[in-house]
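Read through the structure below, which is laid out as structure tokens, and then see the notes.
The values are calculated or read from the model by the stated rules, or taken from the named source; none is laboratory data. The shown structure was predicted, so the numbers you read here are calculated from the model rather than taken from an experiment. Every residue, glycine among them, receives a Cβ derived from its backbone with ideal geometry; neighbour counts consider all protein chains shown.
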């Protein structure tokens, strides 16, 4: 790439990078679609569940990521609420609810009691409900009631 002329050919040769002030900068992802709320995801939701270090006695891990729609950038310090039917309580019980924050990479992790089947399916409930982005409710189903982890991923769009 010579001079300040940026052509389609020079862009392709740079591996999708963009020339900015003489530096080559990696291209950012674009067109990352927002996550739609899932049917049944808001069942037994409790607005304002407290941020906790762990729900109950633990032994099971709920994990995931939170990214911004459009460019897919990780979103740090986002509040994710988690609840489920577990070995220690029903999903409607206050003690089965808690929230956590994403780290600098947009990742979250919260330990909780083992999820057990409710209505024939072992599943968890997660919500992004902080207000900066549109609220999203997820209800991921586990592949087996013996699983010790369940992951859920959010892509959020501004409210």
Determine if the stretch 59-81 includes at least one residue that is at pLDDT 95 or above, in a strand (DSSP E or B) and in contact with a helix residue (DSSP H, G or I) (Cβ under 6 Å, 6 or more places away or on another chain).
-> no
Out of 103, 147, which single residue is closer than 26 Å to residue 31 by Cα and surrounded by fewer than 17 Cβ atoms within 10 Å (Cβ to Cβ)?
-> 103
With respect to residue 159, is the statement that it is under 17 Å from the mean Cα position of the chain (by Cα), within 25 Å of residue 33 (Cα to Cα) and surrounded by fewer than 14 Cβ atoms within 10 Å (Cβ to Cβ) true?
-> yes
Just checking, which of 123, 90 is surrounded by 14 or more Cβ atoms within 10 Å (Cβ to Cβ) and either farther than 28 Å from residue 33 by Cα or touching a residue at least 40 places away in the same chain (Cβ under 8 Å) (or both)?
-> 90
Answer yes or no as to whether residue 130 is in contact with a strand residue (DSSP E or B) (Cβ under 8 Å, 6 or more places away or on another chain), at pLDDT below 95 and part of a loop (DSSP other than H, G, I, E, B).
-> yes
Under the condition of being over 12 Å from the mean Cα position of the chain (by Cα) and surrounded by 19 or more Cβ atoms within 10 Å (Cβ to Cβ), which residue from the stretch 70-87 is farthest from residue 34 (Cα to Cα)?
-> 86
Given the conditions (1) farther than 17 Å from residue 102 by Cβ; (2) surrounded by 12 or more Cβ atoms within 10 Å (Cβ to Cβ), which single one is not true for residue 152?
-> (1)
